[in-house]
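First the structure, in the form of structure tokens, and then the observations on it.
The values are calculated or read from the model by the stated rules, or taken from the named source; none is laboratory data. For clarity, every value in this text was computed on a predicted model and none was experimentally measured. Reconstructed Cβ throughout: ideal geometry from the backbone, glycine too, with neighbour counts over all protein chains shown. Remember, those area values only see protein heavy atoms, side chains included, never the ligands or the DNA or RNA. Shrake-Rupley method; radii C 1.70, N 1.55, O 1.52, S 1.80 Å.
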Amino acid sequence: MEALQQFLYKIRLVPRLLDSANWTDKEQEIVGEHFRYLQKLLADNRLILAGRTQNMDATTFGIVIFLAESEEAARHVMENDPAVRQNVMTAELYPYRVALYNSEWK
């Protein structure tokens, strides 16, 4: 088995969803699937961190830091995120390494 490597994918809402008036039940459902997908990565001990900025404009984004066997495997994880797969969010993948972590933070 290959050693696990850290990766980060940066996600952004597609531009039309920056306006809350454009959200439908379908997008809400897909974002729920996205959250459950991340919860599964956490349960599988693959997720390090996931979150998003709290602004809702063209600069808003989220990050997912996770473990994968290779860049190909990491790309598979990113591309299978329901929000990415169903075109609610776009994503970019980066090799990553956490340098410091505050283990006291909760």
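Data table
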| item | result |
| --- | --- |
| Per-residue [θ]222 nm for the chain (sum of -39500 (n - 2.57) over DSSP H runs n ≥ 4, rounded to 500) | -9000 deg cm²/dmol |
| Carbon/sulfur fraction of accessible area - the chain, other protein chains in place, 1.4 Å, % | 54 percent |
| Residue-wise HN-Hα coupling along segment 36-50, computed from phi with Karplus coefficients 6.51, -1.76, 1.60 (Hz; x: Gly, Pro) | 5, 4, 5, 4, 5, 4, 5, 4, 7, 6, 10, 8, 9, 6, 8 |
| Electrostatic dipole magnitude of segment 5-95 [Cβ: Lys, Arg +1; Asp, Glu -1; Cα centre; debye, to 20] | 120 debye |
| Residue-wise HN-Hα coupling along segment 4-11, computed from phi with Karplus coefficients 6.51, -1.76, 1.60 (Hz; x: Gly, Pro) | 7, 10, 8, 9, 10, 10, 9, 10 |
| Exposure ranking of T53, T60, T90 by accessible area [1.4 Å probe, largest first] | T90, T53, T60 |
| In order through segment 91-106: 3J(HN,Hα) via Karplus (6.51 cos²θ - 1.76 cosθ + 1.60), integer Hz, x for Gly, Pro | 9, 10, 9, 9, x, 8, 8, 5, 8, 9, 8, 8, 6, 7, 6, 10 |
| Probe 1.4 Å, protein heavy atoms only - accessible area per residue of the chain in square angstrom | 69 Å² |
| Rel. contact order, % - alpha carbon contacts under 8 angstrom, at least six apart, the chain | 44 percent |
